[in-house]
Amino acid sequence: MKNTFLRVFLVVLLSNIIVVSIGLGMVQFIQKRNQVSADLLGDVGVQLVAGYEKFGITSLQEETKKAEKRLSGTIYLYQENGRPLLKSLPRNFREQNTPSVTSRPAADFLHSQFIQVIGGDNVQYLLIFKPNPEIDSLAPGAVVGFSLLGLLVSSGVLAYWLLGPLLKLQRVARSFGQGDMTARVENKLARRNDAVGKLAREFNEMAVRIETLLSSKERLMRDVSHELRTPLARIEVALTIAEDKYGIESQKGYLCRIRTELHELDELIGQVLTLSRLEAASLIKEEMNLQEWLGEIVDDVSFESQLKGISVSKSGRVPKTILGDPLQLRHAIENVLRNACFYAGGGGVIEVETQEKSGFAFIYVRDNGPGVSDDKLEKIFHAFYRSSEARGANSGGFGVGLTISQRIIRAHKGQITARNREEGGLEVCFQLPLA
């Protein structure tokens, strides 16, 4: 933290020094170019007057040209009776010639210098020095312009130095939060000896620990699920023997109930295994014709639901192709479609629509069921979560189907969201990148 504070302090200090130095440098430069010391002008005036009184007007004109070139300005010389020895001052020298501005001194008058020179026999002369206007006009604009340029450059450097590493950390954290367990901060940023570098190293250490914990959890789930299936198989064999050889009429109802619960437990273990495989398995992606592939899924679900009077329709002709694992994506879509059919009930209407936006394929599944409470829209994607409506209806599910769908979509770098429709029912949206 001390190193970070010192760096920020030095950058800000350097920025201020640059801005102030540029401003002062320009002011001093312009002042040196536009202003001539009174002593120097006095010496020039004495030399010009002495030459005039001794050699005449021709010598005065020659010496004046040399002095004007050396001083970068124009020299006017008047006798005490007001007669000009050189060219006369312009008529608008004292006041502005703009009609809208009255009784205001002109810029030439404000920036000119006036020197009184005493010649021979105490004759008085007036020397007027007017600096070149092109140099004088630079004064206000140059100071403001260069100062602003220095401020913008220094501020840009400061903002980039501060925000650049934070933006990189933000991108890595977003990728890690979206399920990319391999996301790490680059070594160049992690090697910095300040607070940002320390934060990057701690993030990488945290990511390693989380990845290790998740891997351990997945391995434990797979191992436990496999081990549970062995005693389940033995129980089913024993149950079959009991039904065939030892079961009496009064016990058959209980044995049938045991078999039903046994099958549900086996199905639950299978879904847990599916979840664990989704965490670690690599997808087999290929280019898919989305419309044909989705049409087959809709036809299958529609055939299963026709006895309940449920209508399943598909609309949309774009996009044509996506890149994904056909089998895994089929599980994701079917889970949502079957949920929609269950909650829509007899005579329900299910709509499947496809769209293409900004390089993504959108698949909408809409039903006319009761929907979900707004505070539970996010929870329905959590593993083993079942709403009170689902429990009351005794749907037979375990609250894992939507979780499987979400993880399949995330593995494809996509998103799945749900919202309640204004006309009633639930809308689930799949967003998948195009091929």
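Quick look at the values:
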item	result
Some residue of the range 310-330 being β-branched (V, I, T), within 21 Å of E423 (Cα to Cα) and open to solvent by 30 Å² or more (accessible area, probe 1.4 Å)	no
Long-range neighbours under 9 Å by Cβ, at least six apart or interchain, first residue within 16 Å of L169 (Cβ to Cβ) within the range 205-216, second part of a helix (DSSP H, G or I) and at pLDDT 90 or above	A207/V172
Condition check for E202: more than 19 Å from the chain's Cα centre (by Cα) and modelled with pLDDT under 85	no
Any hit, the range 62-75, residues being surrounded by fewer than 16 Cβ atoms within 10 Å (Cβ to Cβ) and either at positive phi or at pLDDT below 85 (or both)	yes
Test: residue in the range 108-119 that is within 30 Å of V157 (Cα to Cα), buried (at least 16 other Cβ atoms within 10 Å of the Cβ) and modelled with pLDDT under 85	no
Residue count for the range 414-427, restricted to those that are under 27 Å from the mean Cα position of the chain (by Cα) and in contact (Cβ under 8 Å) with a residue 60 or more places away in the chain	1
The one condition in (1) out of contact with any helix residue (DSSP H, G or I) (no Cβ under 9 Å at 6 or more places or on another chain); (2) open to solvent by 30 Å² or more (accessible area, probe 1.4 Å); (3) part of a helix (DSSP H, G or I) that E296 fails to fulfil	(1)
Residues within the range 343-357 that are at pLDDT 90 or above and open to solvent by 30 Å² or more (accessible area, probe 1.4 Å), tallied	6
Count of residues meeting criterion [over 37 Å from the mean Cα position of the chain (by Cα), of a type in the set (A, V, I, L, M) and loosely packed, with under 14 Cβ neighbours inside 10 Å] in the range 212-223	1
Of the criteria (1) open to solvent by 30 Å² or more (accessible area, probe 1.4 Å); (2) over 30 Å from D180 (Cβ atoms); (3) modelled with pLDDT of 90 or more, which one G425 fails	(1)
Qualifying residues in the range 168-195 (those that are farther than 17 Å from R410 by Cβ and at pLDDT below 85) - the one nearest to the chain's Cα centre (by Cα)	A195
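The values are calculated or read from the model by the stated rules, or taken from the named source; none is laboratory data. Predicted model, so just to flag it, every value in this text is computed and none were measured. Here the Cβ is made from the backbone with ideal geometry for all residues, glycine too, and neighbour counts use every protein chain on show. Side chains included, ligands, DNA and RNA excluded: accessible areas come from the protein's heavy atoms. Shrake-Rupley method; radii C 1.70, N 1.55, O 1.52, S 1.80 Å.
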